[in-house]
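Trainee: Below you will find the structure I want to go over with you.
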Amino acid sequence: MNIFMQGILWVLEPAHYGGVDGIETRVGQHLLISIGVLAVASIIAIPLGYVIGHTGRGRSLAIGASGAIRALPTLGLLIIIALVVNVGLLAPFIALVVLAIPSILAGAYSGFEAVDRRGIDAARAVGMTELQIVGRVEMPLGLPLLIGGLRTASLQVIATATLADYVGGGGVGHFIFLGLKTNDYPQMLAGSILVILLAILSEVLFSVVQRLVIPAGVTAARPQDVRVRSTRSRAALG
Amino acid sequence: MFTARKGRLVALGAVVVGAAIALSGCASSNPISGGSGSGAKTTLVVGSQDYYSNEIVAEIYSQALENGGFTIDRQFKIGQREVYLPELESGKIDVFPEYIGSLDQALNKKAAGGSAADVAKDLASVLPTGLRVLDRAGAADQNSWTVTSAFAKKYELTDIASLKKVTEPILVGGNSELATRPYGPDALKAKYGVTTAGLTAIEDSGGPLTVKALLDNKIQLANIYTASPLIKTDNLVVLKDPDNLFFPDNVAPIVSKKVTTKAADILNRVNAKLSRSDLVSLNSESVTDQKSAPAIAKAWLTKNGLLK
């Protein structure tokens with residue numbers, strides 16, 4: 001039986017559920033960590049992105065800083081922070097928030113930048129205040145790109161949250177570390193399979209959210225991909 | 001925005017990157033493969049655990065052997081015992097600095113323990129054919145159950161059994177594989193009736209993260225190796241082990257058939273000079289002075305007159 005099958009069987013084994021190291025406990029911790037990280041990163045990145053996108057100022061600084069932050073290895077950052085704040089969830093949480101911010105920031109400000117300038121001009125012309133423009137014009141129209149940024153960030157966070165258990169922060173990383181250290185490759189693979197399942201879940205959720213949240217006017221305004229059909233019913237000769 | 005030309009460039013780039021990755025996978029040889037013996041100069045493969053202290057000892061062995069005329073292929077930081085033991089047994093590694101107690105317990109589930117001499121004898125009898133253990137050093141690097149001096153004073157802790165006096169929940173911290181080790185939390189429960197409140201996984205093998213967690217009382221009990229210089233600098237208390245829960249862990253090289261008497265003599269001479277306090281100071285040079293393993297090894301060998 002190949003190793004992949006063994007990994008799947010490990011996940012399905014009922015003895016691995018229940019208790020502090022049970023699959024459902026660890027998956028639950030993993031989800032909570034990921035959702036928490038995304039929430040905090042959104043609170044930081046979305047308003048910042050909106051300001052950058054609306055005023056157009058600080059864009060190059062934001063791009064440069066995001067690029068530099070993206071290059072930081074999360075495990076290294078996690079350990080450095082843990083040496084200051086100690087073991088537990090806080091260090092990985094901070095490191096993961098740092099990981100998630102660039103994608104969400106990029107989604108927020110590029111969403112604003114993608115809004116048609118004429119629409120914004122029109123909004124100014126009818127007398128909307130800047131805040132009204134942000135709230136009623138730019139935010140709804142910038143939603144597709146923002147959701148895209150959140151989607152990317154969510155995938156990165158779910159995959160990297162496996163590092164949380166390096167310092168005892170909980171999550172599915174436990175199976176990967178324990179499996180790796182004790183040569184229990186089915187367990188290690190089972191951890192990876194669980195992360196993959198969570199990632200697929202995230203993708204599905206975000207595509208549903210994308211459909212629900214984007215205003216009808218935005219989707220209607222998208223150019224239809226209509227193939228030009230010939231008006232002739234069959235090829236004419238000569 | 002995404003033109004056909006850009007699409008083709010991206011596709012071409014993806015193919016190049018994919019090919020590079022696939023080809024590099026084909027090209028890389030087994031990293032544990034032993035060096036080929038080229039006539040008079042035999043190449044010996046020296047391995048080490050993914051533990052800085054073990055790497056220093058492996059480097060000492062390597063430099064001593066090179067000084068004796070051997071070519072050494074260093075394969076350091078391989079990983080935990082479960083990873084390198086099969087490689088040792090299959091002959092892909094020739095010299096490996098090991099700790100007699102931990103190895104004995106790993107190979108012989110029914111090992112009785114005892115003094116260092118007892119354990120070394122038992123180990124010699126359970127090693128797979130093709131491997132032998134050379135003379136052990138005075139230096140030992142035990143696993144241990146360690147607490148802070150404040151915690152020890154609070155509950156008047158002296159040895160492992162005295163942990164029963166503790167009234168607050170005892171959180172254990174250490175590598176995740178501690179849960180499966182024969183001296184782990186399960187053994188504490190079975191042998192001493194000490195119930196622990198759980199294992200917080202800290203994957204740095206008793207390193208700075210574990211010590212910091214111990215000092216800040218995030219965990220109350222940790223597995224710190226006895227040769228760690230942090231025990232002295234941070235005032236930690238190693239709980240005494242009168243029942244030999246931890247087997248004596250003297251350093252001894254495990255060698256394969258390829259290691260001749262000449263090489264074995266070199267290693268035995270090194271081990272004869274490696275004392276317990278020596279190991280602690282070697283570790284201290286790495287941890288506190290941040291010196292590299294080769295530099296530390298060279299300095300120690302020169303000081304002990306082992307380099308011609």
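Trainee: Can you tell me the FRET efficiency between B:Ser162 and B:Ala124 if r is taken as the Cβ-Cβ distance and R0 is 41 Å, rounded to the nearest 0.05? Present the calculation step by step, with values, prior to reporting the outcome.
Mentor: Working: r = 34 Å, r/R0 = 0.84.
It comes out at approximately 0.75.
Trainee: I'd like the Kirkwood hydrodynamic radius of the stretch A:86-171, using the inverse of the mean 1/r over distinct C-alpha pairs, in Å.
Mentor: Answer for the stretch A:86-171: a Kirkwood hydrodynamic radius of 14.7 Å.
Trainee: Follow-up question, since we're still on this one. Give B:Lys240/B:Lys273; B:Lys92/B:Lys121; B:Lys77/B:Lys262; B:Lys240/B:Lys308; B:Lys109/B:Lys303 a once-over and call out the pairs whose C-alpha atoms are over 32 Å from each other.
Mentor: B:Lys240/B:Lys308; B:Lys109/B:Lys303
Trainee: Another question, if that's okay. For B:Lys212, go through the aspartates and glutamates and keep the ones whose alpha-carbon is under 15 Å away, minus same-chain ones fewer than eight residues off.
Mentor: B:Glu203, B:Asp204, B:Asp234
Trainee: Here is a further query. Shape call for chain B from the C-alpha gyration tensor, a ≥ b ≥ c root eigenvalues: rounded (a/c under 1.5), prolate (a/b greater than b/c) or oblate?
Mentor: Details: a/c = 1.89, a/b = 1.22, b/c = 1.55.
It is oblate, given that a/c is not under 1.5 and a/b is not larger than b/c.
Trainee: Multiply the residue gap between B:Ala190 and B:Ser90 by 0.36 nm, knock off their C-alpha separation, and tell me the result in nm, one decimal place. Could you put the intermediate results ahead of the total?
Mentor: Values: separation 100, 0.36 × 100 = 36.00 nm, distance 3.53 nm.
This chain segment gains 32.5 nm when fully extended.
Trainee: Same structure, new question: What does the convex hull of the Cα atoms come to per residue for the stretch B:172-308, in Å³? Each step should come with its number before you reach the end.
Mentor: Working: hull volume 20.6 nm³, N = 137.
Per residue, the Cα convex hull of the stretch B:172-308 comes to 150 Å³.
Trainee: Additional query: Mean Kyte-Doolittle of at least 1.6 and a Cα length of 24 Å or more along the axis: which whole DSSP H helices of chain A meet both? Walk me through the intermediate numbers first.
Mentor: Numbers: long enough: A:23-55 (47 Å, 1.32); A:90-113 (34 Å, 1.72); A:143-160 (25 Å, 1.29); A:185-213 (41 Å, 1.68).
Both cut-offs are met by A:90-113, A:185-213.
Trainee: Please compute the Cα-Cα pair-distance distribution of the stretch A:1-97 with 5 Å bins starting at 0, giving whole percents from short to long.
Mentor: P(r) over the stretch A:1-97, rounded to whole percents: 2, 11, 12, 15, 15, 13, 12, 8, 5, 4, 2, 0.
Trainee: Among A:Gly76, A:Leu48, A:Ala125, whose Cα projects farthest towards the positive end of the dipole of the protein assembly as shown, with charges put on the beta-carbon of Lys, Arg (+1) and Asp, Glu (-1)?
Mentor: The residue sitting most towards the positive pole is A:Ala125.
Trainee: What is the fewest-to-most order of B:Lys92, B:Lys191 by other Cβ atoms lying within 10 Å of their Cβ? Can you show the working numbers first?
Mentor: On the way: B:Lys92 18, B:Lys191 13.
Ascending Cβ contact count within 10 Å gives the list B:Lys191, B:Lys92.
Trainee: If I model a spin label at B:Asp289 and B:Asp265 as a point 7 Å from the Cα along the Cα→Cβ vector, what separation in nanometres do I get?
Mentor: Roughly 3.1 nm, to one decimal.
Trainee: What residue among A:Gly76, A:Gly36, A:Gly127 has the largest mean-square fluctuation in a Gaussian network model of chain A, using Cα springs under 10 Å?
Mentor: A:Gly127
Trainee: First check a/c for the stretch B:157-216, with a ≥ b ≥ c the square roots of the eigenvalues of its C-alpha gyration tensor; if it is under 1.5, answer rounded, and if not, answer prolate when a/b is larger than b/c or oblate otherwise. Walk me through the numbers before you get to the answer.
Mentor: Details: a/c = 2.05, a/b = 1.35, b/c = 1.52.
Oblate shape, in that a/c is at least 1.5 and b/c is the bigger or equal ratio.
Trainee: Springs between alpha-carbon pairs under 10 angstrom, Gaussian network model over chain B: which of B:Leu123, B:Leu44, B:Leu188 fluctuates most?
Mentor: B:Leu188
Trainee: Starting from the alpha-carbon convex hull of chain A, give the projected area averaged over all orientations, in nm². If you can, show how the numbers build up before the last one.
Mentor: Details: hull surface 88.0 nm².
The directionally averaged projection comes out at 22.0 nm².
Trainee: Shifting gears a bit: Give, as a single signed number, the net charge of other residues whose beta carbon lies under 11 Å from the beta carbon of B:Val45, with Lys and Arg counted +1 and Asp and Glu -1. Could you put the intermediate results ahead of the total?
Mentor: Values: positive: B:Arg74, B:Lys92, B:Lys258; negative: B:Asp73, B:Glu87, B:Asp94.
It works out to a net charge of 0.
Trainee: Still on this structure, I have one more. How charged is the neighbourhood of B:Tyr155? Take every other residue with its Cβ under 11 Å from the Cβ of B:Tyr155, and add Lys/Arg as +1 and Asp/Glu as -1. Spell out each step's value before the answer.
Mentor: On the way: positive: B:Lys153, B:Lys154, B:Lys164, B:Lys165; negative: B:Glu156, B:Glu168.
Surrounding charge for B:Tyr155 is +2.
Trainee: Okay, moving on. Which residue fluctuates the most in chain B, going by a Gaussian network model with Cα springs under 10 Å, if the choices are B:Asp289, B:Asp159, B:Asp278?
Mentor: It is B:Asp289.
Trainee: Place a label point 7 angstrom from the Cα of A:Glu13 along the Cα-to-Cβ direction, then list the residues of the stretch A:172-198 whose backbone nitrogen is under 16 Å away.
Mentor: A:174-194
Trainee: Then there is this: Taking the protein assembly as shown on its own, what percent of its Cα-Cα pair distances exceed 32 Å? Before the final figure, lay out each step's value.
Mentor: Details: 86075 of 148785 pairs.
Roughly 58 percent, rounded to a whole number.
Trainee: Follow-up question, since we're still on this one. Using 7 Å Cα-to-Cβ label points, what is the B:Ala14/A:Ile44 separation (nm, one decimal)?
Mentor: If labels sit at B:Ala14 and A:Ile44, their model points lie 3.3 nm apart.
Trainee: Let me ask something else about it. For the protein assembly as shown, give me the percentage of DSSP beta bridges that are antiparallel, rounded to the nearest 5 percent.
Mentor: On the way: 14 of 26 bridges.
Taking every DSSP beta bridge with both residues in the protein assembly as shown, the antiparallel ones total about 55 percent.
Trainee: What are the semi-axes of the equivalent ellipsoid of the stretch B:184-255, taken as the square roots of 5 times the eigenvalues of the Cα gyration tensor, listed largest first and rounded to whole Å?
Mentor: Working: eigenvalues 82, 73, 31 Å².
Largest first, the stretch B:184-255 gives 20, 19, 12 Å.
Trainee: Rounded, prolate or oblate: which fits the stretch B:135-253 when a ≥ b ≥ c are the square roots of the eigenvalues of the alpha-carbon gyration tensor, with rounded for a/c under 1.5 and prolate only if a/b beats b/c? Can you show the working numbers first?
Mentor: Values: a/c = 1.41, a/b = 1.26, b/c = 1.12.
Judged from the Cα gyration tensor, the stretch B:135-253 comes out rounded (a/c under 1.5).
Trainee: Can I ask one more? Quick one: A:His174, A:His16, fewest Cβ neighbours within 10 Å first, how do they rank? It would help to have the intermediate numbers written out before the result.
Mentor: Values: A:His174 27, A:His16 17.
With the sparsest Cβ surroundings first, the list reads A:His16, A:His174.
Trainee: Also, I was wondering about something else. For a quick check: sort B:Thr226, A:Thr162, B:Thr195 by the number of other beta carbons within 10 angstrom, fewest at the front.
Mentor: Taking fewest neighbouring Cβ atoms as first place, the list is B:Thr195, B:Thr226, A:Thr162.
Trainee: Still on this structure: Quick check: net charge around A:Glu203, other residues with Cβ under 15 Å of its Cβ, Lys/Arg +1 and Asp/Glu -1?
Mentor: Taking every Cβ under 15 Å from that of A:Glu203, the sum is +2.
Trainee: Dividing the convex hull volume of the alpha carbon atoms of the stretch A:59-120 by its residue count, what do you get in Å³ per residue? Intermediate values should be presented prior to the final figure.
Mentor: On the way: hull volume 5.3 nm³, N = 62.
Output value, Cα hull per residue: 85 Å³.
Trainee: If you find the alpha carbon centre of the stretch A:1-65 and of the stretch B:68-113, how far apart are they in angstrom?
Mentor: Using only Cα atoms, the two centres lie 38 Å from each other.
Trainee: Let me ask another. For A:Thr129 and B:Ala299, what is the calculated FRET efficiency with R₀ set at 45 Å and r taken between the beta-carbons, to the nearest 0.05? Before the final figure, lay out the partial values.
Mentor: Numbers: r = 72 Å, r/R0 = 1.61.
After rounding, the FRET efficiency stands at 0.05.
Read-outs: derived from the displayed coordinates by stated rules, not from any lab. Every value quoted in this text rests on a predicted model; they were computed, and no experiment measured them. Every residue, glycine among them, receives a Cβ derived from its backbone with ideal geometry; neighbour counts consider all protein chains shown.
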